[in-house]
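Data block below; observations after.
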Amino acid sequence: MKVLTKVRIERLKTNSRRLWNEVKDLMLAFIMLNMLINQLQTIDIFEPKIVTIKNEIIQEVEAEEIEEIEEIEEIEKVKYLTAEFSAYNAEVGQTDLDPFTMASGKKVYKGAIACPRDMELGTKIEVVGYGEYICEDRLNIRYTNNFDIYMETRAEALKFGRRNLNYIIK
């Protein structure tokens with residue numbers, strides 16, 4: 001029994017050493033993170049367009065770069081719209097008697113979307129998480145806040161189903 005006790009004690013010592021090393025690593029990571037946060041809080045942009053960290057000049061910011069930053073900030077303020085999106089494919093039962101020709105007169109293609117009638121044909125929209133589409137087809141007049149994405153197969157369309165998604169008009 002004494003041998004088993006010694007083995008258990010050694011295991012406990014080993015585990016406690018390992019645990020202590022992990023605690024030390026976490027404490028070090030916390031200290032480094034805290035230092036980084038403090039350093040980020042000291043970044044100032046002064047009127048002469050000079051970026052400083054703790055009063056050390058590290059980079060002059062050109063006027064063009066400031067304009068680009070302002071443009072990016074404007075883009076980030078874009079208001080997303082929400083609508084119900086579904087999917088269709090070129091079948092007579094889902095369209096009209098000519099399922100391969102869209103309202104724009106073009107043949108169906110991946111990247112085309114059927115839009116509400118108040119949206120101009122050729123309008124580009126970006127569906128968040130799904131990419132960019134071009135309004136090439138029309139929905140029935142009763143659908144005012146819906147879109148129908150063209151998909152090549154019925155299985156793809158059924159898998160997509162109906163979803164409320166965010167989009168922006170480009």
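So the values come out like this:
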{"item": "In the stretch 125-141, residue farthest from Gly105 (Cα to Cα) [restricted to those that are in a strand (DSSP E or B) and of a type in the set (Val, Ile, Thr)]", "result": "Val127"}
{"item": "Residues of the stretch 142-162 classified as part of a loop (DSSP other than H, G, I, E, B) and either under 17 Å from Tyr109 (Cα atoms) or touching a residue at least 24 places away in the same chain (Cβ under 8 Å) (or both), total", "result": "8"}
{"item": "Residue within the stretch 92-102 that is part of a strand (DSSP E or B) and either modelled with pLDDT of 90 or more or not assigned by TED's automatic domain parsing to the domain that holds Met151 (or both) present", "result": "no"}
{"item": "Test for Ile141: is it closer than 25 Å to Tyr80 by Cα and in contact with a strand residue (DSSP E or B) (Cβ under 8 Å, 6 or more places away or on another chain)", "result": "no"}
{"item": "Selection within the stretch 144-157 - surrounded by 13 or more Cβ atoms within 10 Å (Cβ to Cβ) and under 15 Å from Leu81 (Cα atoms)", "result": "Asn146, Phe147"}
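The values are calculated or read from the model by the stated rules, or taken from the named source; none is laboratory data. What you see is a predicted model, and the numbers here were worked out from it, not measured in a lab. Cβ sites come from the backbone with ideal geometry, for glycine too, and all protein chains shown count toward neighbours.
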